[in-house]
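Written below as structure tokens is the structure these notes are about.
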Amino acid sequence: MSPPRYSIALGGIGGDAHSVGLTVLRRALTGASYRLHHMGTQNSLSDFFSVAGHVDVVMISCLDGHLRHYLAEFADLRAAAPGGGALWYAGGNLAVDHPERVRAEVLGLGFRRVFPGYVGIPEVLATLVEDLSGRAPNRAFPPPPPRRPVSVVEPPPDERVPAVAFHRERREVLGTWRTGWQARSLDDNARFLLRQPSFAGRQAASGTPLVQPRSGVALVEDQLAAFRALRRAGADVLSYQVDSLTRNNAYESAADGIAGSRDTGTSTLNGFPMVNHGVEPLRRISAELTVPLQTRHSTRDPRLLAEISCAGGVTGFEGGAISYDVPYFKDHPLALSLRRWQYVDRLVGGYADKYGVVIDREFFGTLTAVLVPPCLAIVVNLVEAVLAVRQGVRSVSLGYAEQGNRSQDVAAVRVLRELGRKYLANLGHPDVRVNTVFHQYMAAFPDDAARASQLITASAQTARLADATRLMVKTPVEATAIPSPRDNEEGMRLCRRGIGAAARIALDEHAVAKEAAVLRVEVEQIFESIVVCGGGSLPDGVVRAFTKGYLDIPFAPSGENRGDVVTVRDARGAVRFLDAGNLQLSDEVLRFHRQKAEERVRAEAEPFQGAWEIVARDVLQVPEGRYRGWPLDGG
């Protein structure tokens with residue numbers, strides 16, 4: 001009989017939605033013969049204590065900077081916990097400010113190891129060997145967590161929401177938090193909006209990519225100061241980055257974060273709690289600034305946030321039913337998300353219909369950001385754009401996250417714009433403005449400042465070569481800290497340098513055309529499968545497509561996502577399907593991806609044990625610095 005193995009409970013805590021690193025670590029620990037109780041993302045502290053007595057190690061991941069908040073009851077729960085001698089580990093972005101101070105606090109609570117920032121898989125494995133040496137394994141093991149139920153809510157009808165039904169729901173939405181009443185007068189909101197700079201109009205007038213930094217802190221005056229600094233540094237448009245407590249509609253907790261920020265004199269939230277602050281402070285900010293404002297977030301229920309944003313003078317609102325559900329929440333019904341985002345689009349469409357206020361709607365085609373096949377990003381954008389336009393939206397921005405092969409990335413942005421216009425025109429909406437948003441590499445960044453700066457500059461070149469409407473800025477400290485306004489200023493400077501130098505780049509248009517041809521076929525096949533799946537109803541088709549695996553997002557935590565799709569880089573860094581799951585792609589397309597993946601495997605200098613080892617290499621390639629330069633194909 002083989003000796004018992006050590007067991008580990010692994011999961012993310014609180015509202016944090018980051019699932020890619022957990023997936024990679026899960027595979028590495030399983031490959032190292034540990035018994036793994038994988039809890040996924042968005043667990044409570046009580047969830048971890050419920051299994052701690054059955055395992056040898058509890059590993060908590062937190063990347064949103066709110067670990068102190070999530071561990072507030074740790075000492076009490078541990079004092080009351082029966083038996084069990086599990087070792088507790090924590091890692092990630094521990095705090096918005098002073099991560100070393102939080103690290104000391106967490107160690108003081110009784111954690112064995114606390115890793116602030118990125119830590120490599122080999123170090124984690126070596127630490128486990130050291131800490132568990134000589135300990136008797138815990139022979140108990142918790143039962144597998146129950147599978148989250150899929151949607152029990154019906155998808156919404158595929159039609160414009162009637163005015164009576166919308167206003168009835170609106171009364172309920174405005175009553176969900178005490179600031180909601182401030183947005184109640186659509187007439188008053190529209191009068192204010194008409195005096196504000198238009199996000200849609202600024203994009204329509206753009207000749208080169210607009211440079212947009214991210215910004216979000218807890219207090220109004222600090223947010224305004226950050227906006228002023230970014231505007232002086234040359235930001236073309238600005239955005240509120242909403243905190244993760246608000247994203248989970250935890251307004252009481254956000255209020256505590258605001259109070260704590262006032263007490264300490266520094267932001268303890270990782271974004272701006274717009275709902276808590278309400279309409280009047282937003283209007284004060286909007287009235288002072290001379291640039292269009294957008295709200296960026298990943299909110300479970302976005303309806304009140306959309307109301308407060310529009311009433312406060314924000315003329316761009318980001319997010320969608322798929323892109324802000326499947327990659328972010330493990331237990332939120334997709335059909336409910338479709339209903340809630342239909343409300344947001346009906347609100348935006350209503351401002352355009354009645355008042356002539358065009359509010360731009362952006363879709364987060366970034367998804368989980370890591371090894372996302374461009375065809376899936378494009379399909380999700382198209383679905384969300386069609387759903388929005390049916391509710392009266394007049395300006396859409398289709399988002400794409402850079403993956404690292406310049407030919408593929410340029411082709412993706414161009415095809416995104418081309419098919420966006422084509423699909424909306426075919427549905428009778430040729431007048432809708434279609435913009436493209438290029439997100440600089442969204443996965444784990446290199447921690448070396450020189451490498452990070454080179455990536456940002458070259459990425460901006462790619463955005464210009466693709467003729468993207470807008471460029472979302474990264475900073476050289478992405479891997480090591482929550483970016484400050486000064487960090488964002490440096491990111492913008494690097495971006496402008498890259499945009500200016502793009503004219504000197506010799507783009508391989510033949511390679512771009514080949515990638516674009518493949519993408520068009522993939523997108524049309526997947527989109528058609530969704531429509532057929534829904535019998536002509538797009539909302540029905542989306543829900544059923546995820547159930548069948550016709551839509552499947554790599555690394556996504558949603559219980560409604562099958563997770564069968566596996567992606568890797570090919571020999572030139574482009575993203576390919578190693579396993580396309582049940583995506584309805586033709587044999588010809590699948591052969592193409594199989595050939596590209598096989599070429600990559602043959603090119604590997606070091607042997608690997610299985611598919612997930614090569615996936616892990618690709619996920620960790622950039623943060624570990626295992627590449628010559630950006631882009632990966634030398635383009």
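Apart from one condition, Asp564 fits all of (1) surrounded by fewer than 17 Cβ atoms within 10 Å (Cβ to Cβ); (2) of a type outside the set (A, V, I, L, M, F, W, C); (3) farther than 22 Å from Thr366 by Cβ; the exception is (3). Just one residue in the set Val477, Val434, Val512 is buried (at least 19 other Cβ atoms within 10 Å of the Cβ) and in a helix (DSSP H, G or I); that residue is Val512. Within segment 352-364, the set of residues being free of Cβ contacts under 8 Å to residues at least 60 places away in the same chain and under 19 Å from the mean Cα position of the chain (by Cα) comprises Arg361, Phe363.
Of the residues making up segment 552-578, those that are within 18 Å of the chain's Cα centre (by Cα) and either more than 22 Å from Glu402 (Cβ to Cβ) or among the acidic types (Asp, Glu) (or both) are Asp552, Pro557, Ser558, Gly559, Glu560, Asn561, Gly563. The residue that is most open to solvent (accessible area, probe 1.4 Å), counting only those in segment 480-504 that are within 30 Å of Val379 (Cβ to Cβ) and touching a residue at least 60 places away in the same chain (Cβ under 8 Å), is Ile499. Return the residues of segment 567-611 that are open to solvent by less than 50 Å² (accessible area, probe 1.4 Å), of a type in the set (Gly, Ala, Ser) and assigned to a loop (DSSP other than H, G, I, E, B); say none if nothing qualifies. Hits for segment 567-611 are Gly573, Ala574, Ala580, Gly581, Ser586, Gly610.
Whenever a residue of segment 243-266 is under 16 Å from Trp177 (Cα atoms) and open to solvent by 10 Å² or more (accessible area, probe 1.4 Å), its partners that are outside any helix (DSSP H, G or I) and of a type in the set (Val, Ile, Thr), lying with C-beta atoms within less than 6 angstrom and at least six residues away or across chains, give the pairs Arg247/Thr299. Quick one: in segment 158-172, which of the residues that are touching a residue at least 12 places away in the same chain (Cβ under 8 Å) and basic (Lys, Arg) is surrounded by the fewest Cβ atoms within 10 Å (Cβ to Cβ)? Checked segment 158-172; the qualifying residue surrounded by the fewest Cβ atoms within 10 Å (Cβ to Cβ) is Arg160. Looking only at residues of segment 10-55 that are of a type in the set (Ser, Thr, Tyr) and either surrounded by fewer than 21 Cβ atoms within 10 Å (Cβ to Cβ) or not in a helix (DSSP H, G or I) (or both), we find that the one that is modelled with the lowest pLDDT is Ser19. Mind listing just one residue for me: the one in segment 357-366 that is in contact with a Leu (Cβ under 9 Å, 6 or more places away or on another chain) and crowded, with 24+ Cβ neighbours inside 10 Å and, of those, nearest to Ser459 (Cα to Cα)? Among residues in segment 357-366 that are in contact with a Leu (Cβ under 9 Å, 6 or more places away or on another chain) and crowded, with 24+ Cβ neighbours inside 10 Å, the one nearest to Ser459 (Cα to Cα) is Gly365.
Tell me, please, whether a residue that is of a type in the set (Lys, Arg), open to solvent by 30 Å² or more (accessible area, probe 1.4 Å) and within 21 Å of the chain's Cα centre (by Cα) can be found in segment 57-78. Among the residues of segment 57-78, not one is of a type in the set (Lys, Arg), open to solvent by 30 Å² or more (accessible area, probe 1.4 Å) and within 21 Å of the chain's Cα centre (by Cα), which makes the answer no.
Conditions tested, residue by residue: (1) among the hydroxyl-bearing types (Ser, Thr, Tyr); (2) open to solvent by less than 10 Å² (accessible area, probe 1.4 Å); (3) in contact with a Leu (Cβ under 7 Å, 6 or more places away or on another chain); (4) modelled with pLDDT of 95 or more.
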position: Pro302; (1), (2), (3), (4): no, yes, no, yes
position: Thr315; (1), (2), (3), (4): yes, yes, yes, yes
position: Ser323; (1), (2), (3), (4): yes, yes, yes, yes
position: Lys330; (1), (2), (3), (4): no, no, no, no
position: Lys354; (1), (2), (3), (4): no, no, no, yes
position: Asn381; (1), (2), (3), (4): no, yes, yes, yes
position: Arg390; (1), (2), (3), (4): no, no, no, yes
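Only a single criterion out of (1) in contact with a helix residue (DSSP H, G or I) (Cβ under 7 Å, 6 or more places away or on another chain); (2) outside any helix (DSSP H, G or I) is not satisfied by Leu77, namely (2). Kindly establish whether Ala335 is assigned to a helix (DSSP H, G or I), without any contact (Cβ under 8 Å) to a residue 60 or more places away in the chain and of a type in the set (A, V, I, L, M). So Ala335 fails the test. State whether one or more residues within segment 539-555 are closer than 23 Å to Val20 by Cβ, in contact with a strand residue (DSSP E or B) (Cβ under 8 Å, 6 or more places away or on another chain), hydroxyl-bearing (Ser, Thr, Tyr) and crowded, with 19+ Cβ neighbours inside 10 Å. Looking through segment 539-555, none of the residues is closer than 23 Å to Val20 by Cβ, in contact with a strand residue (DSSP E or B) (Cβ under 8 Å, 6 or more places away or on another chain), hydroxyl-bearing (Ser, Thr, Tyr) and crowded, with 19+ Cβ neighbours inside 10 Å.
The values are calculated or read from the model by the stated rules, or taken from the named source; none is laboratory data. These numbers come from a predicted model, not from an experiment. A quick note on method: Cβ atoms are made from the backbone with ideal geometry, for glycine too, and the neighbour counts reach across all protein chains shown. The protein model used for the area step is the full one, side chains on, heavy atoms only, and it has no ligands, DNA or RNA in it. Shrake-Rupley method; radii C 1.70, N 1.55, O 1.52, S 1.80 Å.
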